[in-house]
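Okay, handing you the structure first.
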Amino acid sequence: MHSLTLSFYGIDIRLDSDSEKLTEDIGRDFSFFKAAAGSPQITIEAHSRLLPYDGLPPMQASYVSPRNVCYYHKGIKYIDYSGEGLAVYNKKSSRCDIYSNDYSLLYEISYMAILSLLNERLDRRCLHRVHGLGLAVDNKAILVLLEMGGGKTTLGMDLLLSGENIKLISEDSPLIDPRGEILPFPIRIGMHPGKVPPEIPKDCQRYFARGEFGPKILIDLECFKDKICRNPCRPFMIIIGRRILSGPSEIKPSSKYEALKEFIKNSVIGLGLYQGIEYIFQKGPKEIIKKVPLGISRLNNALQVISKSRVFEFRLSPDKRKNSRVLAQFIKSSL
């Protein structure tokens, strides 16, 4: 059995697997958080085999998504991936067992399980994610809020390669604490095949055929190890992205009210964030009602960030490279 321990702001997760490749790949995904073995709060064990379904208790589905079907029985959640994989999550023991003889699916479920179970624990500690690109300059945090497919990854990659004094907080989901400080959450970066900049070394790239959204090239953070922010940053700037069909890229002042609307979407509700709803629900959709205090906590963190930040609107043209140059110049002139 091969093991990997990850430590996220005091939350330790141990992944055990009979596949050495799996622990190596997950370790590359979360290299920033790799830690020495200890006493984990969450244990995940990934098995390179299928669990016989005829030995499972009879259950009725409690939640159905295009990706999987979830069942609940005596405090244990069973998550079925079309008969090709199964996750068994016991919340009481904080243990998740994953089964599949398809490596790609075993890897994908393991990756999602880590994020899902981690985010549930982070929320309890009032450390909440925001769907956006997080950048840092001189310990000042810049949050770029864009919808899915809006070009966050391209912007982030271009800025990291620009030679400017810009560091990465997170390419997709920075963390916000109750004081409004932005905490680093850098994990591997995914780009569509053919979109990876030629400067990225081949040994930092992995091809991954995702089950639902198509293939991606996974880029290790090791190739940006000197460009990763490692400390909490104070709020400085919120940039709200608006895509336009034609016209020049430009950045102009906006209001804190507009920022609040975007944070409600991108953090309080969490559109664009992987929520791991199959792990969060314990007895079906009625659990949503119990999440009201969580929404209030997320709103509080959002208000803290907004109150301490300058807000701008970024009109993004279809030319993504030009957008990157405009943003880099704007950041440089604003410091």
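The values are calculated or read from the model by the stated rules, or taken from the named source; none is laboratory data. Bear in mind the structure is a predicted one, so any value in this text is a computation, not a measurement. Cβ: placed from backbone, ideal geometry, glycine included. Neighbour counts: every protein chain shown. Surface areas here come from the heavy atoms of the whole protein model, side chains and all, with no ligands, DNA or RNA. Shrake-Rupley method; radii C 1.70, N 1.55, O 1.52, S 1.80 Å.
Kindly report the accessible area of the chain per residue (heavy atoms of protein chains, probe 1.4 Å, no ligands, DNA or RNA), in Å². Please list the in-between numbers first.
Numbers: 15160 Å² over 335 residues.
Result: 45 Å² of accessible area for each residue.
Right, something else. Whenever you get a sec, line up Leu221, Leu51 from highest to lowest accessible area (probe 1.4 Å, protein heavy atoms).
Numbers: Leu221 10, Leu51 40 Å².
Greatest to least solvent exposure: Leu51, Leu221.
Using a Gaussian network for the chain with springs between C-alpha atoms less than 10 Å apart, which of these wobbles most: Pro193, Pro52, Pro184?
Maximum fluctuation in the GNM of the chain, among the listed residues, is at Pro52.
Put Lys34, Lys265, Lys216 in order of accessible area, largest first, 1.4 Å probe: what do you get?
Order by accessible area, largest first: Lys34, Lys265, Lys216.
Once R0 is set to 45 Å, what does the formula 1/(1 + (r/R0)^6) return for the Cβ-Cβ distance between Lys202 and Ile264, expressed as a FRET efficiency to the nearest 0.05? Could the numbers behind the result be given before it?
On the way: r = 41 Å, r/R0 = 0.92.
Result of the calculation: an efficiency of 0.65.
Now for a separate question. If you rank Ser82, Ser307 by how much accessible surface each has, with a 1.4 Å probe, what is the order from largest down? Kindly include the intermediate steps, with their values, before the conclusion.
Details: Ser82 95, Ser307 75 Å².
Greatest to least solvent exposure: Ser82, Ser307.
Which cysteines in the chain lack any other cysteine whose Cβ sits under 4.7 Å from their own Cβ?
Cys70, Cys96, Cys126, Cys229, Cys233, each lacking another Cys Cβ under 4.7 Å.
What does the helix-only formula give at 222 nm for the chain: each DSSP H stretch with n ≥ 4 adding -39500 (n - 2.57), the total divided by the residues, and the result rounded to the nearest 500 deg cm²/dmol?
Values: 7 runs with 84 residues, N = 335.
Taking each H run of at least 4 residues, the total per residue is -8000 deg cm²/dmol.
Given points 7 Å out from each Cα along the Cα-Cβ axis, report the Ala209 to Leu51 separation in nanometres with one decimal.
2.6
Taking 7 Å along the Cα-to-C-beta vector as the label spot, tell me the Ser94-Lys34 distance in nanometres, rounded to one decimal.
A separation of 2.3 nm, rounded to one decimal place.
OK, next. Starting from the Cα of Ser82, step 7 Å toward the Cβ, then list every residue of segment 10-26 with an amide N under 12 Å from that point.
Of the residues in segment 10-26, none has backbone N under 12 Å from the label point off Ser82.
Dipole size in debye (nearest 20) for segment 1-113 around its Cα centre, Lys and Arg Cβ +1, Asp and Glu Cβ -1? Can you show the working numbers first?
Working: 11 positive and 14 negative charges, 98 e Å.
For segment 1-113, the charge dipole is close to 480 debye.
Residues with amide H under 5 Å of Ala141's amide H, sequence separation 5 or more or different chain, H placed in the peptide plane at 1.01 Å from N; which?
Answer set, sorted by chain and number: Arg234, Phe236, Met237.
Between His2 and Lys225, what length comes free when the chain is fully extended (0.36 nm per residue of separation minus the Cα-Cα distance, one decimal in nm)?
Numbers: separation 223, 0.36 × 223 = 80.28 nm, distance 2.55 nm.
Here the segment from His2 to Lys225 would lengthen by 77.7 nm.
Loop-only check: which trypsin sites (Lys or Arg not before Pro) in segment 70-103 are DSSP coil with at most 13 other Cβ within 10 angstrom? Please list the in-between numbers first.
Numbers: sites: Lys74, Lys77, Lys91, Lys92, Arg95; in loops: Lys74, Lys91, Lys92.
Here the trypsin sites (Lys or Arg not before Pro) that fit, given the DSSP loop and packing criteria, are Lys74, Lys92.
Then there's this: Relative contact order for the chain: what is it in percent, counting Cα pairs under 8 Å that are at least 6 residues apart? Kindly include the intermediate steps, with their values, before the conclusion.
Working: 672 pairs, mean separation 56.5, N = 335.
17 percent.
To make sure I understand the rule: partners must be aspartates and glutamates, Cα under 13 Å from the Cα of Lys195, and not fewer than 8 residues away in the same chain. Which ones qualify?
Output for Lys195: Asp158.
For each pair in Lys252/Lys320; Lys265/Lys308; Lys92/Lys265; Lys167/Lys332; Lys21/Lys216, compute the distance between the two Cα atoms and list the pairs where it is over 22 Å. List each step's numbers first, then the result.
Numbers: Lys252/Lys320 18 Å; Lys265/Lys308 19 Å; Lys92/Lys265 31 Å; Lys167/Lys332 13 Å; Lys21/Lys216 18 Å.
Checking Cα-Cα distances, Lys92/Lys265 exceed 22 Å.
Additional query: Between Val64 and Asp138, what is the FRET efficiency for a Förster distance of 51 Å, r being their Cβ-Cβ separation, to the nearest 0.05? Numbers along the way, then the final one.
On the way: r = 48 Å, r/R0 = 0.94.
Efficiency computed from Cβ-Cβ geometry: 0.60.
Show the residues, 5+ positions off or on another chain, whose built amide H is closer than 5 Å to the amide H of Arg210.
Lys216
OK, next. What distance in nm lies between label points placed 7 Å from Cα along the C-beta direction at Arg310 and Asp18?
Roughly 5.8 nm, to one decimal.
Take the Cα atoms of segment 188-272, build their convex hull, and give its volume per residue in Å³.
Numbers: hull volume 16.1 nm³, N = 85.
For segment 188-272, the hull spanned by Cα atoms encloses 190 Å³ per residue.
Which order do the peptides 167-180, 247-260 come out in when sorted by mean C-beta neighbours inside 10 angstrom, highest first? It would help to have the intermediate numbers written out before the result.
Working: 167-180: 22.3, 247-260: 14.4.
Ranked from most to least packed, the peptides come out as 167-180, 247-260.
Hey, any idea what % of segment 138-250's accessible area is carbon plus sulfur with a 1.4 Å probe?
Details: 2530 of 4980 Å².
Answer for segment 138-250: carbon and sulfur cover 51 percent of the accessible area.
Assuming 0.890 mPa s and 25 °C, estimate D for the chain with Stokes-Einstein, Rh taken as the Kirkwood radius over Cα pairs, in µm²/s.
Working: Rh = 20.8 Å.
Answer, rounded: 118 µm²/s.
Still on this structure, please answer the following. I'd like the orientation of helix 320-334 relative to the chain: the angle between its Cα long axis and the longest Cα principal axis, in ° from 0 to 90, rounded to 10.
Value to nearest ten degrees: 60.
Further question: Which peptide among 293-306, 131-144 comes first, and what is the full order, when sorted by highest mean count of other Cβ atoms within 10 Å? Before the final figure, lay out the partial values.
Values: 293-306: 17.6, 131-144: 23.9.
Those peptides, ordered most packed to least, come out 131-144, 293-306.
Which of the aspartates and glutamates could a cross-linker span from Lys140 if the Cα-Cα distance has to be under 12 Å and same-chain partners fewer than 8 positions apart are dropped?
Filter leaves Glu181.
Considering the convex hull of the alpha carbon atoms of segment 80-167, report its projected area averaged over all viewing directions, in nm², one decimal.
On the way: hull surface 33.8 nm².
Spelled out: convex hull of the Cα atoms, projected over all directions, averaged, 8.4 nm².
With θ set to phi - 60° and the Karplus curve 6.51 cos²θ - 1.76 cosθ + 1.60, what are the ³J(HN,Hα) couplings of segment 149-157 in order, to the nearest whole Hz, using x for Gly and Pro?
In residue order, the calculated couplings are x, x, x, 4, 5, 4, 4, x, 5 Hz.
Would you mind calculating the relative contact order of segment 101-183 from Cα pairs under 8 angstrom and at least 6 residues apart, reporting the percent as a whole number?
Values: 95 pairs, mean separation 26.5, N = 83.
Once normalised by length, the contact order is 32 percent.
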